[in-house]
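Here is the structure we will look at.
Bear in mind that the values in this text are calculations on the coordinates, not laboratory data. Given the structure is predicted, the values throughout are model-derived calculations rather than measurements. Reconstructed Cβ throughout: ideal geometry from the backbone, glycine too, with neighbour counts over all protein chains shown.
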Amino acid sequence: MRKLVVALLCMGLLFSTVSTVQAQANPSAMTPAADLRADLDHLLSEHFVLAVMTLTTSYDETEDAEDVRNALEQNAKDMTPAIASVYDEESAAEFERIFTEHNEYADDYAVAAKEDDQALREQAEKDVESFVEEFSTFLDSATEGNLPKEAAAEALSVHEEQVVNTFDHYVAGDYEAAYQEFREGYSHMYTISEALSTAITTQMPEMFEDTKADAPAADLRSDLNSLAGEHFALATMGMMKGVDQAEDYDYVTWAEDENTADFKEAISSIYGEEGATQFEEVWQSDHINAQADVVASAIEGNEADMQDAEDRLLNGFPNELGAFLAEATEGNLPEDAAVETLNMHEQQVLDTFHAYHDGDYEMTYENFREGYQFMFGVGMTLGDAIVMQMPADFEGTMMPEEMPETGMGGASETSGFPMMTWALLGSMVLLASGSLLFIYRKTSNQK
């Protein structure tokens, strides 16, 4: 199904994006078009995560259900300024109306499942169909046909199916299928953000300085956004599920392990098995395992063990992985910046978890949204660093199939995603530069 969606989107954009086949001068991952795509990456992928969480918490009638729902609604409102910056206030208001109203269908799905109300379920499905029709029409009109209605409708239909399928598997107790669907649905949101950002930048090239949202450097940034964002979402979800001793806890951690496997494969293809093994040891012992120990100590009420686990997360893991990456990259990724950034990320994970464990659910999801957004500094800073290092590899219209030799024996090995492999090198490190921007924005907002 996803291949069909991509094909339709590509066909719809083909004739209006002929200029994208031209090489981009002075390639960069920080162009106006790449920024637009990254903003949509962030907001649309977060929408998927929060939509699924809203359905499941509503169905389970958990204490945090209302706060999850509030976070979902705020996500929709946060899209309005992005749309207003491109179109007019009227269009942005219409976008928000359509998008906000479609979030309300989550309540009907949850109630229908809880009460086995087939009529309500059918009505919710009809409402979703109406949303797809209305929103695809809006997108086609707003982009002046650069995102055709048929392509938009197909992409939106797949998204809605993935949200509902994840929920249905969850209700049925088929948690393995639920989290498989979750990962696929999460990834699909980046297909939508690419299509929409490409349509917008094609429609008004001067506003985006003739840069392309689907340029190779922008693709690299988006790929990094996806893996980093998913890591944060699954880590925090897993810890919350763990302290609740939820039935699906093992399957959330399975999904997190699948995300981790992508990082390990990246290291392996660059530095070989020895480097990948060293990376995995650091990643697991004082990171994944330490997170599990935080959960276990919270359940047991063991403050000493909690302090030990948190020290491993905030000091041991950042120091070890920072040193590993600094050495592996021969100092191109500064160790002190790596340590500081990894520490900040882990603190955000812990802040989200502790607020949840303390029953402060409003703060939980404020921390969650802040930490999730922080991860999108990865693609911006790391992507542009790679592009500046080897601009010739990003001057064409396709991402390079292989990256240059690193001198450590890994680059010549085959991999299922060679471009992502090199890109992921140190992704948790160059986020330091992005964190400066995040801190500046947060400080400015507080003034």
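Overview of results
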read-out: Neighbour-count order for 265, 194, fewest beta carbons within 10 angstrom listed first; value: 265, 194
read-out: Too-long pairs where the Cα-Cα distance tops 28 Å, listed order kept, from 149/264; 77/212; 77/264; value: 149/264; 77/264
read-out: Cα point-scatterer Debye curve for segment 274-369, base-10 log of I(q)/I(0) at q = 0.11, 0.16, 0.20 Å⁻¹; value: -0.36, -0.70, -0.96
read-out: Span per principal axis, largest first, for the Cα atoms of segment 60-198 (Å); value: 43, 27, 26
read-out: Long-range Cα-Cα pairs in segment 314-374 (distance over 16 Å), rounded percent; value: 51 percent
read-out: At 1.306 mPa s and 10 °C, Stokes diffusion of segment 253-315 via Kirkwood alpha-carbon radius, µm² per second; value: 126 µm²/s
read-out: Estimated FRET transfer efficiency (residue 323, residue 184; beta-carbon r; R0 22 Å; 0.05); value: 0.05
